[in-house]
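What follows draws every value from the coordinates through simple rules; no lab data is involved. Every value quoted in this text rests on a predicted model; they were computed, and no experiment measured them. So basically every Cβ, Gly included, is an ideal-geometry build from the backbone, and we count neighbours across all protein chains shown.
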């Protein structure tokens with residue numbers, strides 16, 4: 001017959017932390033502190049070495065330098081002649097303008113999707129406004 005082992009009385013209870021106060025505020029991992037110290041003392045030399053390597057034809061170093069100088073753009077400004085979106089017909093015309101801009105290459109499909117989402121939001125706002133007016137008109141009749 002096997003007996004179930006009991007935990008010693010000084011063992012942690014379920015849900016009890018071994019360090020209730022936690023890590024001291026502001027303390028850092030020793031490895032992190034060491035790396036930060038190396039970066040602070042050698043940052044200028046490292047930067048100079050990477051730039052020298054990039055000038056010498058090292059494409060990886062050149063990519064690192066260029067990525068820091070001019071990071072890739074997430075979005076670009078878009079200029080598109082849009083009709084007035086104050087009516088349902090205007091919203092439809094705006095969607096058509098967006099479609100034509102993609103077809104002619106003026107807009108990327110992702111940019112068009114963003115614009116179409118904005119126009120769709122405008123359409124929903126118009127729809128909500130129209131429904132509110134209809135409900136108000138019905139309430140005044142009764």
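Before moving on, here are some points about what is shown:
- Label-point separation in nm, residue 87 to residue 4, each point 7 Å along Cα→Cβ: 7.9
- The chain: relative contact order in percent, alpha carbon pairs under 8 Å with at least 6 residues between: 12
- Measuring nothing but alpha carbons in segment 30-69 and taking Rh as the Kirkwood radius, the Rg to Rh ratio lands at 1.11.
- Within segment 25-57, backbone nitrogen closer than 16 Å to the virtual label 7 Å beyond the Cα of residue 66 toward Cβ: 51-57
- Dividing the summed -39500 (n - 2.57) terms of all DSSP H runs of n ≥ 4 by the residue count of the chain sets its mean residue ellipticity at 222 nm at -21000 deg cm²/dmol.
- The ratio of the alpha-carbon radius of gyration of segment 49-142 to the globular-protein estimate 2.2 N^0.38 Å is 1.92.
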